[in-house]
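> What follows is a single structure, and I will ask about it in a moment.
The values are calculated or read from the model by the stated rules, or taken from the named source; none is laboratory data. None of the values given here were measured: they were computed from a predicted structure. With ideal geometry, Cβ positions are generated from the backbone for all residues, glycine too; neighbour counts draw on all protein chains shown. Note: accessible area is taken over every heavy atom of the protein model, side chains too, but ligands, DNA and RNA are not part of it. Shrake-Rupley method; radii C 1.70, N 1.55, O 1.52, S 1.80 Å.
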Amino acid sequence: ADVRAARDAAYAAFGAVHLLMNNAAMQSNNRCGPYEHPDRWKVILDTNLLGVYHGGLAFAPSMVEQAEPSVIVNTGSKQGITMPAGDTAYNVSKAGVKVLTEALQHQLRSMDGCRVNAFLLVPGCVNTMIRTRGDKWVEGAAFKPDRAKDEREYNGVVDRAYAAEKWRERGAWQPDQVIDELFGAIAAGTPFYVIC
């Protein structure tokens, strides 16, 4: 209901929607293997896969009907392709986003005159809050802020420049680099898989 309300508000305010970004992510940081923690599985699948599904369900038909050049971007993950051990629920959810987005693009391409294009954003290690939020979620009151590693702090040092440099040393992308890569693909109309 909330996603449909957001769609209705967007169309009321702007008359059309030209970019839909379905970016939903929750992870347990390697603490949700196969057949364990069903409560974590539910949260991760509901957020990461069904969040993207409901965003597309609410917006895609209207975007097709408006018959204007438009883009739907769903955020997957390299983990949805490489499937590293330990964070099985996250991997499954992002693999599901990959399959959903591939099916969406096939469907859009088969519609006569359709002007909507879909892209799968496939980030790897990016300097964001996802790991810290995952640790806070799983650990609850036991979370230790001095272990935070995100775009604002790294191992207790609260300094964006320091955190960015530490992440770069680990090979991580900065969020603005991911956005530049995505917008370059959108402008070119290709590639479908925007791997960062």
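> Test of understanding: among 88, 101, which residue is under 18 Å from residue 45 (Cα atoms), open to solvent by 30 Å² or more (accessible area, probe 1.4 Å) and modelled with pLDDT of 95 or more?
Going through 88, 101 in turn, the sole match is 88.
> OK, next. For the range 166-189, state whether one or more residues are more than 21 Å from residue 97 (Cβ to Cβ), buried (at least 17 other Cβ atoms within 10 Å of the Cβ) and out of contact with any Leu (no Cβ under 8 Å at 6 or more places or on another chain).
Scanning the range 166-189 turns up at least one residue that is more than 21 Å from residue 97 (Cβ to Cβ), buried (at least 17 other Cβ atoms within 10 Å of the Cβ) and out of contact with any Leu (no Cβ under 8 Å at 6 or more places or on another chain).
> Follow-up. Filter the range 148-159 for residues that are surrounded by 14 or more Cβ atoms within 10 Å (Cβ to Cβ) and either β-branched (Val, Ile, Thr) or over 18 Å from residue 178 (Cα atoms) (or both) and give the result.
Selection gives 148, 149, 153, 154.
> Considering 30, 74, 48, which residue is of a type outside the set (Asp, Glu), outside any helix (DSSP H, G or I) and closer than 28 Å to residue 115 by Cα? Can you show your working first?
Details: 30 fails: closer than 28 Å to residue 115 by Cα; 48 fails: outside any helix (DSSP H, G or I).
Selected residue: 74, the only one of 30, 74, 48 that is of a type outside the set (Asp, Glu), outside any helix (DSSP H, G or I) and closer than 28 Å to residue 115 by Cα.
> In the range 1-39, which residue that is of a type in the set (Asp, Glu) and within 30 Å of residue 143 (Cα to Cα) is surrounded by the most Cβ atoms within 10 Å (Cβ to Cβ)?
We begin by selecting, within the range 1-39, every residue of a type in the set (Asp, Glu); these are 2, 8, 36, 39.
Now restrict to residues that are within 30 Å of residue 143 (Cα to Cα): 36, 39.
Working: 36: 11, 39: 8.
This residue is 36.
> Also, I was wondering about something else. Only one of 83, 111, 129 is surrounded by fewer than 16 Cβ atoms within 10 Å (Cβ to Cβ) and more than 23 Å from residue 24 (Cβ to Cβ); which? Show your work before the answer.
Values: 83 fails: more than 23 Å from residue 24 (Cβ to Cβ); 129 fails: more than 23 Å from residue 24 (Cβ to Cβ).
Result of the check over 83, 111, 129: 111.
> A further question follows. Quick one: would you say residue 42 is open to solvent by 50 Å² or more (accessible area, probe 1.4 Å), assigned to a helix (DSSP H, G or I), closer than 30 Å to residue 166 by Cβ and without any contact (Cβ under 8 Å) to a residue 24 or more places away in the chain?
no
> Next question. Would you please name the residue that is least open to solvent (accessible area, probe 1.4 Å), looking only at residues in the range 132-147 that are without any contact (Cβ under 8 Å) to a residue 12 or more places away in the chain and charged (D, E, K, R)? Steps first, please.
Taking the range 132-147 as the starting set, the residues that turn out to be without any contact (Cβ under 8 Å) to a residue 12 or more places away in the chain are 136, 139-146.
Pick out the ones that are also charged (D, E, K, R) and you get 136, 139, 144, 146.
Values: 136: 99, 139: 40, 144: 114, 146: 95 Å².
Only one residue tops the list, namely 139.
> Then there is this: Among the residues of the range 45-68, write down those that are of a type in the set (Ser, Thr, Tyr) and open to solvent by less than 80 Å² (accessible area, probe 1.4 Å). Spell out the reasoning first.
Applying the first criterion (of a type in the set (Ser, Thr, Tyr)) to the range 45-68 yields 47, 53, 62.
If the condition is that a residue be of a type in the set (Ser, Thr, Tyr) and open to solvent by less than 80 Å² (accessible area, probe 1.4 Å), then 47, 62 are the ones that fit.
> Right, another one. With respect to the numbered conditions (1) touching an Asp or Glu at 6+ places or on another chain (Cβ under 8 Å); (2) closer than 24 Å to residue 7 by Cβ, which one is the sole condition not fulfilled by residue 32?
Unmet condition: (2).
> Go through 126, 122 for me and flag whichever is under 18 Å from residue 191 (Cα atoms) and either in contact with a Cys (Cβ under 9 Å, 6 or more places away or on another chain) or not hydrophobic (A, V, I, L, M, F, W, C) (or both). Lay out the reasoning, then the answer.
Values: 126 fails: under 18 Å from residue 191 (Cα atoms).
Of the residues listed, the single one that is under 18 Å from residue 191 (Cα atoms) and either in contact with a Cys (Cβ under 9 Å, 6 or more places away or on another chain) or not hydrophobic (A, V, I, L, M, F, W, C) (or both) is 122.
> When you look at residue 119, is it open to solvent by less than 40 Å² (accessible area, probe 1.4 Å) and over 20 Å from the mean Cα position of the chain (by Cα), yes or no? Don't jump to the end; show me each part of the working.
On the way: open to solvent by less than 40 Å² (accessible area, probe 1.4 Å): yes; over 20 Å from the mean Cα position of the chain (by Cα): no.
So residue 119 does not fit the description; no.
To keep it simple, each residue is scored yes or no on (1) modelled with pLDDT of 90 or more; (2) not basic (Lys, Arg).
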| position | (1), (2) |
| --- | --- |
| 111 | yes, yes |
| 114 | yes, yes |
| 121 | yes, yes |
| 132 | no, yes |
| 136 | yes, no |
| 164 | no, yes |
| 173 | yes, yes |
| 193 | yes, yes |
